[in-house]
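Novice: Structure below; questions to follow.
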Amino acid sequence: MNGCMMDFPLTITHLLDRALALFPDVEVVSRLADRSLHRQSYRDTYRRSAQLGAALKRLGATQGDRVATLCWNHRQHLECYLGVPAIGAVVHTLNLRLHPTELAYIANHAGDRFLIVDRSLLPLLEKFRAQLRSVEHFIVVPDAPGEAEAPFLDYEALLAAETVEMPSTPWSSHAVGFVRPEENAAAMICYTSGTTGNPKGVVFSHRSTVLHAFAGSTVDSIGVGSQDVLLPVVPMFHAAAWGLPYMAVLNGAKIVFPGPHLDAPSLLELMAAEKVTVAGGVPTIWNGILAKLDAEPGRWDLGSMRTMVIGGAAAPPAMIDAFRERHGLIVTHAWGMTETNPLGTIAHLSPKVKERGPEAIAAARASQGVPVPFVETRHVDDADKPLPWDGKTMGELHVRGPWVAKSYFGGEGKDRFTDDGWFRTGDIVTIDADGYVRITDRSKDVVKSGGEWISSVALENALMAHPAILEAAVFAGRHPKWDERPIAAIVFKPGKSASHDELNAHLEGSFPKFWLVDLYVEVEEVPRNSTGKFLKTKLRELYGDRLLGD
Ligand code: AMP
């Protein structure tokens, strides 16, 4: 027997309709390249998204066409997030931190027909434009002074040429040319950062995007609501800015976009002035913010902040504690991947954890957390056999759920998907009896010393709790006897230092002796990839042979 309920598609178009009907006056604030603030309402955003859709259609866009963006976080990028899927096309966010050759590969692989680019990023586009095989129209967002010359079209001029009559009754976006596609239709493509092999395309559907936005809105997750002011520091070209823009539109939360100004003082100023309640970004960003707050305590009034969502790489427990203890700021640690739209697990505190007291609370906050509703987790051994949830046994994390990829665009990377319907994350974790996941490593970053596994993340977290250390990245050095031994690349805080022996003495209490680091290399900064993760391949290349001797 079937249920008797409507078969109502979950679409991004509904989010637009809802915003216009219920929150038309809520603001979208964008910091421009010249640092000034631009303000528009959701009503304006709706109208401009419709104008964008109409302009793309006039240029020949049809359902399923890929529309690439090469943009910072700003209002026009939001209009692409909304207006492109709402005409049945697919927005494809290009990561402006990638190498031009990689960008060309990705745009060609996705078959992009349109490319929307910030004027400030034209020099980057010029480095790979000649290699693009499918792009027919280039549209320039005027974020910097200048004129759009052929073959470039001007984003604002295209929008201005479209007259859109705003619907007079709610829920009637068909009147402005929006469609409500079948819910499994593609809405967005994001490519993985491809640290091993070519980047692979993950195609989010309308349904996965909407359900993901719901999951992020639940109270035990990020809990986004209409009272919130969201600051997505995480770039909109990285895993849909963690879905934060869609969560904001779903709930009628004000959005604040930082534009290209991602330095700590600019972000702090924005958080204070716009009364931001939720900001999301990778640990590097927050490390910079913590250093600034420590240096100038009390300069910024962050009384409105409800939480800072940190993910994309492990948030060191020392940083989480420092924010709370020294500045009264709460970190929500979350784990996800491009392949999971991206939210998978989140470190909320269950009543059980709270009852157990401060140590259990700190441990839960520092973990990657429990799966959000509808994401299922397991960790397995080399033969894919599920392992016990005992908080000790390490294995590869597998996930499944309505916003977890079931394949990559073009059918590549089939080995990442199991025959029984799980996605192999490549992350090595433990899971405890309450379901809290703790990432101990990427499978390729575990240090395998004489057949025993050493967690590079655990060592990094401990080292980053040392008062002299700003950052630490632990990686495998090749070793004549043990195959691999841990090497740590460390960045000292200004004016501070510590010897090898002092640092190992600091680790000694928490780890078995064979985990202690064999070599410390002082570096000016830890190399990072395009999404802010430590680039351990580079570290291995530079220092990986240092333990081999002559
Ligand atoms: P990406 O697809 O670029 O978002 O990268 C996903 C990968 O980032 C995951 O597989 C993890 O290795 C890593 N990652 C994401 N969030 C966290 C976190 N909170 N702690 C540790 N690693 C993380």
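Novice: Highest mean first, what order results for 34-41, 6-13, 267-274, 229-236 on Cβ atoms within 10 Å? Kindly include the intermediate steps, with their values, before the conclusion.
Specialist: Details: 34-41: 12.6, 6-13: 17.5, 267-274: 19.6, 229-236: 24.8.
Going from most to least packed, we get 229-236, 267-274, 6-13, 34-41.
Novice: Still on this structure, I have one more. Quick one: grab the alpha carbon gyration tensor of segment 324-374, order the square roots of its eigenvalues as a ≥ b ≥ c, and give me rounded if a/c is under 1.5, else prolate or oblate depending on whether a/b is larger than b/c. Kindly include the intermediate steps, with their values, before the conclusion.
Specialist: On the way: a/c = 3.08, a/b = 1.58, b/c = 1.94.
Cα axes put segment 324-374 in the oblate bin.
Novice: Also, quick follow-up: So if I take the alpha carbon set of the chain, get Rg, then get Rh from the Kirkwood formula, what is the Rg over Rh ratio?
Specialist: Result for the chain is an Rg/Rh of 0.97.
Novice: Between the helical axis of 264-273 and the dominant principal axis of the chain, each derived from Cα atoms, what acute angle in degrees is found, rounded to the nearest 10?
Specialist: It is inclined by approximately 50 degrees.
Novice: 5 Å is the cut-off here: which amide hydrogens, built 1.01 Å from N in the peptide plane, fall below it relative to residue 89, excluding neighbours closer than 5 in sequence?
Specialist: The answer is 64.
Novice: So how strong a dipole does segment 447-543 carry about its Cα centre when Lys and Arg Cβ are +1 and Asp and Glu Cβ are -1, to the nearest 20 debye?
Specialist: Details: 12 positive and 13 negative charges, 57 e Å.
Roughly 280 debye, rounded to the nearest 20.
Novice: Right, another one. With charges set only on the Cβ (+1 for Lys and Arg, -1 for Asp and Glu), what does the dipole of the chain come to about its Cα centre, in debye to the nearest 20?
Specialist: For the chain, the charge dipole is close to 380 debye.
Novice: Could you pull out the pairs from 200/414; 200/533; 448/481; 493/536; 448/493 whose alpha carbons sit more than 19 Å apart here?
Specialist: 493/536; 448/493
Novice: Along the Cα-to-C-beta direction of residue 38, a point sits 7 Å from the Cα; which residues of segment 59-77 have their amide N less than 15 Å from that point?
Specialist: Answer for segment 59-77: 70-77.
Novice: Trypsin sites (Lys or Arg not before Pro), restricted to segment 447-526: which are DSSP loop and have at most 16 other Cβ atoms within 10 Å?
Specialist: Counting only loop positions with at most 16 other Cβ atoms within 10 Å, the trypsin sites (Lys or Arg not before Pro) in segment 447-526 are 481, 496.
Novice: Rank by packing, highest mean first: peptides 178-185, 459-466, with packing defined as the count of other Cβ atoms within 10 Å averaged across residues.
Specialist: 459-466, 178-185
Novice: Please sort 219-227, 424-432 by packing, taking for each peptide the average over its residues of neighbouring beta carbons within 10 angstrom, highest first.
Specialist: 424-432, 219-227
Novice: Let me ask you something else. Considering only 164, 261, 461, whose Cα is most displaced toward the positive end of the charge dipole of the chain, charges sitting on Cβ of Lys, Arg (+1) and Asp, Glu (-1)?
Specialist: 164
Novice: If a/c stays under 1.5 just call it rounded; otherwise compare a/b with b/c (prolate if a/b is bigger, oblate if not). Do that for segment 141-265, with a ≥ b ≥ c from the square roots of the Cα gyration tensor eigenvalues.
Specialist: Note, shape of segment 141-265 comes out rounded.
Novice: Along each of its three principal axes, how wide is the spread of alpha-carbon positions in segment 41-173, in whole angstrom units, largest first?
Specialist: Principal-axis extents of segment 41-173 (Cα, largest first): 48, 32, 25 Å.
Novice: Rounded to the nearest 5, what is the percent of antiparallel bridges among the DSSP beta bridges in the chain?
Specialist: 55 percent
Novice: Specify which residue in the list 529, 504, 451 is farthest towards the positive end of the charge dipole of segment 447-543, using unit charges on the beta carbon of Lys, Arg (+1) and Asp, Glu (-1), about the Cα centre.
Specialist: Final value for the positive-end residue is 529.
Novice: Just to check, using Stokes-Einstein with a Kirkwood Rh over alpha carbon pairs, what's the diffusion coefficient of segment 447-543 at 10 °C and 1.306 mPa s in µm²/s? Spell out each step's value before the answer.
Specialist: On the way: Rh = 13.5 Å.
Translational D for this selection: 117 µm²/s.
Novice: For segment 91-196, which trypsin sites (Lys or Arg not before Pro) pass both filters: DSSP loop (anything but H, G, I, E, B) and at most 10 other C-beta atoms within 10 Å?
Specialist: On the way: sites: 97, 113, 119, 127, 129, 133; in loops: 97, 127, 133.
Hits after loop and neighbour filter: 133.
Just so you know, all these numbers are worked out from the coordinates, no wet-lab data involved. Only a predicted model underlies this, so the values are computations on that prediction, with no experimental measurement involved. All Cβ positions, even for glycine, are placed from backbone atoms using ideal geometry, and neighbour counts span all protein chains on display.
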